[in-house]
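Here is the structure we will look at, set down as structure tokens.
The values are calculated or read from the model by the stated rules, or taken from the named source; none is laboratory data. For clarity, every value in this text was computed on a predicted model and none was experimentally measured. For neighbour counting, all protein chains shown are included, and Cβ atoms are generated from backbone atoms with ideal geometry for every residue, glycine included.
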Amino acid sequence: MGKVGFGMTAGIAAVTCTVAAAVVGRRIRSRRDWRRAVEVVRELEAACGTSVNRLRQVVDAMAVEMHAGLASEGGSKLKMLLTFVDKLPNGSEKGIFYALDIGGTNFRVIRVHLGGRRSGILRHNVERNSIPQHLMTSTSEELFDFIAMSLKQFVDREEEKTSEPSLVSRRELGVTFPFPVKQRCVSSGILMKWTKGFSVADMIGKDVSESLQQSMIKKDLGSMRVAALVNDTVGTLAVGHYNDEDTVAAVIIGTGTNACYLERADAIIKSQGLLMASGGMVVNMEWGDFWSSHLPRTRYDIDLDAESPSPNDQVFEKMISGMYLGDIVRRVVLRISQESGIFGSASSRLSTPFILGTPLMATMHQDDTPDLREVAAILNDVLGIADVSLKARKLIVNICDIITHRAARLVAAGIVGILKKIGRDGSSGVAGGRAKGGGGASSSGGGKSRTVVAIEGSLYTNYTLFREYLNDAVAEILGKEFSPFVILKVTEDGSGIGAALLAASHSPNSADM
Ligand code: ADP
Ligand code: MG
């Protein structure tokens with residue numbers, strides 16, 4: 001009995017020991033996993049550091065690259081494209097104008113009735129059309145024929161509805177074209193390259209307005225003239241300036257990112273030898289391609305870039321814009337899941353590029369439920385990671401925060417870089433003076449002129465924390481003395497209406513003096 005008893009006791013003890021060892025082993029492993037996961041996040045945080053000193057280096061680099069890009073073609077990764085827009089709308093424009101807003105996947109046709117004498121936009125009608133997928137890779141003729149046909153149908157419908165055609169002897173059209181274009185004048189320019197999934201090969205090197213105009217003639221729209229061909233940022237600046245004449249720059253932060261600004265005439269004449277009558281010209285920076293050794297790049301950014309269809313291209317954009325932020329987060333989570341067990345066994349979905357979109361990332365980041373229910377749901381439904389502890393959910397929120405914080409602060413540094421270039425950041429004694437349609441070069445105030453930057457794009461308008469981080473960083477970089485003079489203004493739907501406004505401000509028919 002005693003023996004049996006001893007045997008049983010020993011057996012129970014052995015089982016208990018094994019269980020205990022397993023529990024201890026699991027605890028040690030889980031502690032090790034945690035330590036590793038936290039280490040990865042701390043490492044990320046350090047690599048994404050955007051101290052105000054670091055941001056000031058980015059500000060300086062942006063201003064230097066702007067100079068270099070203006071000074072010579074290919075002098076910088078910033079293309080600094082001259083737009084020939086030397087008259088920004090100011091409210092005096094009058095008449096009926098049309099616009100075509102060609103976007104990434106959609107295009108919109110717009111009709112705007114301008115009242116003149118600052119009475120503003122009396123009316124505008126918009127029709128949204130999608131660009132059939134096959135036309136994005138077809139021929140320029142097919143693409144523009146399709147657009148011209150939609151435009152013709154819209155014009156007919158509108159003019160039937162309003163019976164106003166007699167007012168218009170010659171219809172004028174502004175076109176927003178969000179690809180890099182080498183302008184010949186405000187109304188025409190040559191396509192340099194496609195982006196956003198377009199690749200209509202026979203269009204590169206061709207004049208965009210001419211191609212469109214030919215299709216318009218074919219579709220019986222010969223009486224309509226392309227009066228302005230502009231980048232979407234330039235359209236945004238036009239609307240910003242129409243609403244507030246102190247607007248000197250525009251930034252888009254959506255799927256991609258870009259900026260433009262009003263450059264002083266002397267800076268352009270000096271660098272490009274151009275003869276210009278008026279006060280200044282809008283420059284399309286194509287800033288998504290900005291690069292500087294001061295950018296806090298991480299291994300995740302480097303991998304994302306290397307695996308993209310365009311390595312070494314648009315490095316700034318790949319750290320900032322809606323197309324990429326979610327995927328940077330996915331890459332960090334993937335690494336943690338490979339190097340620790342905190343997300344259980346790695347799901348294959350986590351290895352799928354771009355499976356985590358930026359809107360979902362924003363939802364996780366801004367989840368205000370006490371148990372981070374939305375984080376858990378997205379991890380489960382999108383990334384295939386189930387049963388994540390609250391502690392691990394918090395880590396996810398932390399990762400989203402690091403990536404968005406960095407992106408927003410880099411945009412802020414870019415904006416202050418522009419202000420520095422035009423003497424409105426308070427760092428130089430040269431003030432830009434008031435914008436008033438031509439970027440005056442008066443020199444008073446040491447940067448203390450009211451300065452407005454128009455901002456468009458869903459990342460800024462829909463992602464609250466992104467917007468707050470950006471606004472705070474601009475104020476932080478500028479300091480208390482100068483930040484009250486700089487105003488960031490949401491300018492929604494700027495790109496399309498802006499093209500119509502620019503058609504108007506460059507039209508001989510719209511004077512209202
Ligand atoms: P586009 O740049 O194509 O003209 P938008 O300005 O609307 O269009 O920007 C679209 C981008 O904004 C998308 O890439 C998307 O990732 C991002 N986005 C849209 N909504 C949100 C949101 N609520 N939170 C964060 N990002 C968003
Ligand atoms: Mg847009």
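Contact annotation: residue pairs with Cβ atoms under 9 Å, 6 or more positions apart or on different chains, pairing a residue in region 374-395 that is in a loop (DSSP other than H, G, I, E, B) with a partner that is loosely packed, with under 13 Cβ neighbours inside 10 Å, are Gly384/Ser348. Scanning region 50-76 for residues being farther than 21 Å from Arg424 by Cβ and among the basic types (Lys, Arg) gives a total of 1. The set of residues in region 79-111 that are buried (at least 24 other Cβ atoms within 10 Å of the Cβ) and in a loop (DSSP other than H, G, I, E, B) comprises Met80, Thr83, Val85, Leu88, Pro89, Glu93. Scan region 301-323 and tell me whether some residue there is among the acidic types (Asp, Glu), away from ligand 1 (no atom under 16 Å from the Cβ) and free of Cβ contacts under 8 Å to residues at least 24 places away in the same chain. Yes, region 301-323 contains a residue that is among the acidic types (Asp, Glu), away from ligand 1 (no atom under 16 Å from the Cβ) and free of Cβ contacts under 8 Å to residues at least 24 places away in the same chain. Do the conditions hold for Ser337, that is, is it in a loop (DSSP other than H, G, I, E, B), polar (S, T, N, Q) and under 24 Å from Glu43 (Cβ atoms)? In short, no. For region 210-238, residues that are within 17 Å of the chain's Cα centre (by Cα) and β-branched (Val, Ile, Thr) total 4.
Conditions tested, residue by residue: (1) under 27 Å from the mean Cα position of the chain (by Cα); (2) not acidic (Asp, Glu).
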{"site": "Ile336", "(1), (2)": "no, yes"}
{"site": "Ser345", "(1), (2)": "no, yes"}
{"site": "Leu360", "(1), (2)": "yes, yes"}
{"site": "His365", "(1), (2)": "yes, yes"}
{"site": "Pro370", "(1), (2)": "no, yes"}
{"site": "Val375", "(1), (2)": "yes, yes"}
{"site": "Asp381", "(1), (2)": "no, no"}
{"site": "Ile402", "(1), (2)": "yes, yes"}
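Quick check: anything in region 486-508 within 16 Å of ligand 1 (Cβ to nearest atom), farther than 18 Å from Pro89 by Cα and at pLDDT 90 or above? The answer is yes; a qualifying residue exists.
From the list Leu70, Leu135, which residue is surrounded by 16 or more Cβ atoms within 10 Å (Cβ to Cβ), in a helix (DSSP H, G or I) and modelled with pLDDT under 90?
Working: Leu70 fails: modelled with pLDDT under 90.
On inspection, the qualifying residue turns out to be Leu135.
Matching residues to (1) within 16 Å of ligand 1 (Cβ to nearest atom); (2) modelled with pLDDT of 95 or more; (3) out of contact with any helix residue (DSSP H, G or I) (no Cβ under 8 Å at 6 or more places or on another chain); (4) in the same structural domain as Phe316 (by TED's automatic domain parsing):
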{"site": "Gly326", "(1), (2), (3), (4)": "yes, yes, no, yes"}
{"site": "Ser348", "(1), (2), (3), (4)": "no, no, yes, yes"}
{"site": "Thr358", "(1), (2), (3), (4)": "yes, yes, no, yes"}
{"site": "Asp371", "(1), (2), (3), (4)": "no, yes, no, yes"}
{"site": "Ile378", "(1), (2), (3), (4)": "yes, yes, no, yes"}
{"site": "Val397", "(1), (2), (3), (4)": "yes, yes, no, yes"}
{"site": "Cys400", "(1), (2), (3), (4)": "yes, yes, no, yes"}
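The residue pairs whose first member lies in region 337-353 and is under 20 Å from Ile28 (Cα atoms), whose second member is among the β-branched types (Val, Ile, Thr) and assigned to a helix (DSSP H, G or I), and whose beta carbons are closer than 8 Å, counting only pairs six or more residues apart or on different chains, are Glu339/Val40; Ser340/Val40; Ile342/Ile336; Phe343/Val333; Phe343/Ile336.
Evaluating Asp145 against the criteria (1) assigned by TED's automatic domain parsing to the domain that holds Asp202; (2) modelled with pLDDT under 95 leaves one unmet condition, (2).
Glu476 fulfils the conditions (1) in contact (Cβ under 8 Å) with a residue 40 or more places away in the chain; (2) within 16 Å of ligand 1 (Cβ to nearest atom); (3) not hydroxyl-bearing (Ser, Thr, Tyr) except for a single criterion, (2).
Just give me the residues in region 205-238 being of a type in the set (Gly, Ala, Ser) and in contact with a helix residue (DSSP H, G or I) (Cβ under 6 Å, 6 or more places away or on another chain), in sequence order.
Going residue by residue through region 205-238, those that are of a type in the set (Gly, Ala, Ser) are 205, 209, 211, 215, 222-223, 227-228, 235, 238.
Result: Ser211, Ser215, Ala227, Ala228, Gly235, Ala238.
Answer with yes or no whether Arg123 is in a loop (DSSP other than H, G, I, E, B), modelled with pLDDT under 90 and away from ligand 1 (no atom under 16 Å from the Cβ).
Working: in a loop (DSSP other than H, G, I, E, B): no; modelled with pLDDT under 90: yes; away from ligand 1 (no atom under 16 Å from the Cβ): yes.
So Arg123 fails the test.
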